[in-house]
Amino acid sequence: MESAVATPPLSFETEPARYRHLRLSVEGDIGRIGLAIREDEPLRPGYTLKLNSYDLGVDIELYDAVQRLRFEHPEVRAVIITSDRDRVFCAGANIHMLASSDHGFKVNFCKYTNETRLAIEDAGAHSGQRYLAAVNGSCAGGGYELAMACDEILLVDDGSSTVSLPEVALLGVLPGTGGLTRLTDKRKVRRDRADVFSSLAEGMRGKRSVEWRLVDGIAPKSRFAKEVEGRARKLAEQASAQLDSGKIVGKVAGQGVRLPPLNPEVSEDGLRYRHVELKLDRAQRLATLTIAGPIPGQDPVPTSREELHRAAAEDRLWSLRAFRELDDALLRLRFNEPAIGLVLLRTRGELSAVLAADAILAQLGGPVSETAPEGRDWLAREIILFSGRVLRRLDLTAKSFFAVADPGSCFAGSLLEVLLAADRSYALSDPARPVHFGLSPLNAGVFPTTTGRGRLSLRYVAAPEKETEALSHGELLDVAAADELGLLTVVSDELDFDDTLRLAIEERLSLSPDALTGMEANLRVPGSEGCESKIFGRLSAWQNWIFIRPNATGEQGALTRYGKPERPSFDWRRT
């Protein structure tokens, strides 16, 4: 029988001084993440992390390291991920951890792990931090998926070290963090070769791994360290060239900004942060997630580069702090509250304050212009990129989301993206208590979805010209104007609003959670597919299905019997 959800509730906050499994170091413009995973310190009892295999606790540290390299060490241009263990790089996700976890944990674990890999890829594409996987030993499953997330892979040629995706052959499941998609779409391995490689439990080594595009290079053990150093230096130079061209971030990174602990107030019925509050009604399977905008006179709203950096250094920058809190709240919702089916998204504050906070990011985080002649400021750009990743985290969370716009709401600019990300939105139309909305330059595709298109653009797939019309509104929008532009789902007057919302909540919570998860995962990514949306589409559908099939997780399934003397027993019928 599968175990229950991990208790006590999971926390996703850590820092380098508290790492148990990773070693993060920076020397000049080169960063290094060393995998030294402690076998006897799993996230929960019941398994050991042998061969640098990882669990969620390891990946929480990895996500934290990637975030800190971007915000605290903007001078870094190349990051080496390698192993501090002899003859093993990473054996991937710990099999016994997966076998003993409940279904929801398995899927959320795969989702979180892949979001971390995507943050690595995003750093290389947009932040001038290129990653090199220095594979100095055997590299299997999730370990190879981690390597594929890097810009380059160098494999030691010692006669025994291989790269492999053994999930199909050994476990009866799929490479759960995008392995198959990255193999064909990112590394451009021929699909017939990918078929062979993904069916071989033993993997491939040496020259053949280079010929098949599985790695970018090999080096004998005697020259491996020197080759790693040379390739990292070359990647750093390439990143610097991109910076100098103005294509990404900005010419000068400047001093980093520390990411202090969030330290939310945790109670039985929710979480309270500085700007975000999560209230839980477990009996109703309902949560309310409220995001407060900047408080005039209390939260500084920078108007210059210097003020932006000062506010961030003091941990008083709303744009960064609020989205860090939202990110943490979403993760806790995913892992700690599996029974919550519907989340009401609310905002509180002044629209003008949110739009002012957006304005400096739009000014400094965009391309070279008259108002920003020096090009993109690295910090403004990183905040925009991070906010985009958090919004995609919301898109990919298996909960229903209803945005509720009522008096006191501040769905404007970056917070309007929260409404656009919701499955539905409900707005009160009451002349005595007006509700307004606002758009900012940050709504113009700055926060792309997994398909690469902005949420406002996706709103107008049938009438693209309406995006320009919406963005051209200089004044704030009342409910009628927002509804006319198609920004709202349901508008009700003061007599019907409460009952309309109540009935919608009751109806939603009466439906099959499995059907809703499948429906939402399909409807949230309209338009043409990209590598990222394909990865999550397969994860949400196929991995979700395969993880509950007897061939994988039944009493005689491959995942259940892994490491035991009995071989798995399969139902040979294809469905």
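Annotation: Cα Rg of the stretch 109-221 relative to the compact-globule expectation 2.2 N^0.38 Å equals 1.00.
When the listed pairs 50/221; 186/221; 188/226; 279/399; 111/534 are checked against a 19 Å cut-off, the alpha-carbon distance exceeds it for 50/221; 186/221; 188/226. Note on the stretch 88-170: Cα-only Rg and Dmax are 14.0, 39 Å.
Order 519, 204 by their accessible area, 1.4 angstrom probe, all chains in place, largest first.
Working: 519 80, 204 5 Å².
Most to least solvent-accessible, the answer reads 519, 204.
Panel note: the C-alpha atoms of the stretch 19-138, placed on their principal axes, show extents of 41, 31, 22 Å (largest first).
For residue 222 and residue 125, a Förster radius of 30 Å and the Cβ-Cβ distance give a FRET efficiency of 0.35, rounded to the nearest 0.05.
Sorted into 5 angstrom bins from 0, the C-alpha pair distances of the stretch 167-299 split as 2, 7, 9, 9, 9, 9, 11, 11, 11, 12, 7, 3, 0 percent.
Candidate membrane-span-like segments in the chain, meaning DSSP H helices with Cα atoms spread over at least 20 Å of their own axis and a Kyte-Doolittle mean of 0.5 or above, are 351-365, with no membrane implied.
Using the Cβ-Cβ distance between residue 314 and residue 572 with R0 set to 51 Å, the FRET efficiency works out to roughly 0.20. Stokes-Einstein, applied to the Kirkwood radius of the stretch 448-543 over Cα pairs at a viscosity of 0.692 mPa s and 37 °C, places its translational diffusion at 204 µm² s⁻¹. For the stretch 482-531, the alpha-carbon radius of gyration amounts to 1.53 times the rule-of-thumb value 2.2 N^0.38 Å expected for a compact globular protein.
Size of the chain: Rg and Dmax of its alpha carbons, in Å, are 23.9, 78.
Of the residues 427, 535, 504, the one whose Cα sits farthest towards the positive end of the charge dipole of the stretch 395-552 is 535 (charges of +1 on Lys and Arg Cβ, -1 on Asp and Glu Cβ, taken about the Cα centre).
Using only the C-alpha atoms, the convex hull of the stretch 261-406 corresponds to 117 Å³ per residue. In Å², what does the accessible area per residue of the chain work out to with a 1.4 Å probe? For the chain, the per-residue accessible area is 42 Å².
The values are calculated or read from the model by the stated rules, or taken from the named source; none is laboratory data. Keep in mind it's a predicted model, so treat the numbers as computed, not measured. Positions of Cβ are backbone-derived with ideal geometry, glycine not excepted, and every protein chain shown enters the neighbour counts. Ligands, DNA and RNA are stripped out before the accessible areas are found, and what is left, the full protein with its side chains, is counted by its heavy atoms. Shrake-Rupley method; radii C 1.70, N 1.55, O 1.52, S 1.80 Å.
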